[in-house]
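Worksheet: one structure, shown below.
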Amino acid sequence: MEITDVKVKLVNADSKMKAVASVTFDNAFVVHDIKIIEGQEKMFTAMPSRKTPENEFKDIAHPINSEMRKTLEEAILEKYHETVSQSEAE
C-alpha cells in the first residue's frame, strides 16, 4: 500500500491541535480528519475517532502495525511542516 497524497489544513495555532490531514492510499482510498497535535515533547498524529456511549473515544481507522503507523505519521508531519513553511512565507 502506498501513500499517494497528503493534504493538510492548518487550524487555530493557539490550541494543541495544529492541523487536520487527509491521506490518500493507492489513489483509491482516503482517510480524513487525522489530527496533528503538538505534544509536550514532539508533534504526533491522532487517527479519526468517535465517542462511545461509555464516553470513550475509539479510532474509526488506524494502522495495525508500528511500521505503518511510523510511515503514515512521517508522511503527515512532513507535509505539515511544508504547509507551515509555505504559510509563513506568504
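Per this entry, GLU67 is not counted among residues that are over 12 Å from the mean Cα position of the chain (by Cα) and part of a loop (DSSP other than H, G, I, E, B).
In this entry, PHE44 passes the filter for residues that are over 18 Å from LYS7 (Cβ atoms), modelled with pLDDT of 95 or more and hydrophobic (A, V, I, L, M, F, W, C).
Note on the range 24-35: residues that are closer than 17 Å to ILE60 by Cβ and out of contact with any Pro (no Cβ under 6 Å at 6 or more places or on another chain) total 8.
With respect to the conditions (1) at pLDDT below 95; (2) touching a His at 6+ places or on another chain (Cβ under 8 Å), SER22 falls short on a single one, namely (1).
When SER87 is tested against (1) of a type in the set (Ser, Thr, Tyr); (2) surrounded by 10 or more Cβ atoms within 10 Å (Cβ to Cβ); (3) outside any helix (DSSP H, G or I), only condition (3) is not met. The set of residues in the range 1-44 that are part of a loop (DSSP other than H, G, I, E, B), under 23 Å from ASN65 (Cα atoms) and not acidic (Asp, Glu) comprises MET1, ASN27, ALA28, GLY39, LYS42. The set of residues in the range 50-62 being over 12 Å from the mean Cα position of the chain (by Cα), within 17 Å of LYS35 (Cβ to Cβ) and either part of a helix (DSSP H, G or I) or not acidic (Asp, Glu) (or both) consists of ARG50, LYS51, PHE57, LYS58, ILE60.
The values are calculated or read from the model by the stated rules, or taken from the named source; none is laboratory data. The structure displayed is predicted, hence computed values, not measured ones. All Cβ positions, even for glycine, are placed from backbone atoms using ideal geometry, and neighbour counts span all protein chains on display.
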